[in-house]
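What follows is one structure encoded as structure tokens, with my remarks underneath.
Every number here is computed from the coordinates shown, using simple stated rules; none is lab data. Just so we're clear, the structure is a prediction, and the values are computed from it rather than from any experiment. Positions of Cβ are generated from backbone atoms using ideal geometry, with glycine treated the same way; all protein chains shown enter the neighbour counts.
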Amino acid sequence: MKRLYLTSAVSFVAKDIAKHIGKVKGLKLAFINTPAELEKKDLEWQDDDRNSLVEVGFDIFDYTITDKTKEQIKNDLSVADVIYISGGNQFYLLEKIQQTDCADVIRDYVAKGKIYIGTSAGSMIAGGNQLCGYRPDLMKGVGKLKDYQGLGLVDFIVFPHWGSKDFEEKYFGFRLKHSYTEKDKVILLTNYQYVKVEGDMYRVIDIRD
């Protein structure tokens, strides 16, 4: 049974996720930081996310899929109990997924029971049509993509950081106008919420409830 925890910012909700998983102490977590590789500064949020996962008991190793082969990624992630994909730029991440042809590796591991945790871009990429979350500024530094299909682990797209002042202009300036269609299922998540997925069932959990 697949298990996913899709967040806006895992640092806000890691403790609650750990309660739902159960015993997390010693679980080996691959911290895939590929989406943030274009960001050269202001990565304090990533440190906060990593530290929150360490604090609840995960045994973390940092990892990137960039410049890896499909076989390398398959072997490297085979030792992980949890696949975590960080925040950052989901289109840069998609480019690297396409270059390494590793989408089916991640899908297979999740299908076989490895836990998937996403933050922001890592949550968005778990869905299908990434064009739903398109913003022109995210394409800077991203090469030509074969298509805009994400991992397809869920049948919806997460829009993270809903209600955050830092993201208000990014949503109302472009993304909402672009995504205002009947084609895609969208879940708006605040930093205090996450989507818990078990098999084909999912629900939004708010840690303030």
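Matching residues to (1) aliphatic (A, V, I, L, M); (2) touching a strand residue (DSSP E or B) at 6+ places or on another chain (Cβ under 6 Å); (3) touching a residue at least 24 places away in the same chain (Cβ under 8 Å):
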{"site": "TYR84", "(1), (2), (3)": "no, yes, yes"}
{"site": "TYR92", "(1), (2), (3)": "no, no, yes"}
{"site": "GLU95", "(1), (2), (3)": "no, no, yes"}
{"site": "SER123", "(1), (2), (3)": "no, yes, yes"}
{"site": "PRO136", "(1), (2), (3)": "no, no, yes"}
{"site": "MET139", "(1), (2), (3)": "yes, no, yes"}
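Restricted to region 119-142, and to residues there that are in contact with a Lys or Arg (Cβ under 9 Å, 6 or more places away or on another chain) and assigned to a helix (DSSP H, G or I), the residue that is farthest from LYS183 (Cα to Cα) is ASP137. When region 1-49 is filtered for residues that are in contact with a helix residue (DSSP H, G or I) (Cβ under 6 Å, 6 or more places away or on another chain) and surrounded by fewer than 16 Cβ atoms within 10 Å (Cβ to Cβ), the ones remaining, listed by number, are LEU38, ASP48. Checking ILE187, ILE207 one by one, the residue that is under 18 Å from GLY122 (Cα atoms) and either surrounded by 15 or more Cβ atoms within 10 Å (Cβ to Cβ) or among the hydrophobic types (A, V, I, L, M, F, W, C) (or both) is ILE187 and no other. Pairs are defined by a Cβ separation below 8 Å, a sequence spacing of at least 6 or placement on different chains, a first member in region 153-176 that is of a type in the set (D, E, K, R), and a second member that is assigned to a helix (DSSP H, G or I); the pairs so defined are LYS170/ASP137; ARG175/GLY133. Considering SER120, SER52, the condition of being buried (at least 16 other Cβ atoms within 10 Å of the Cβ) and in contact with a helix residue (DSSP H, G or I) (Cβ under 6 Å, 6 or more places away or on another chain) is satisfied by SER52 alone.
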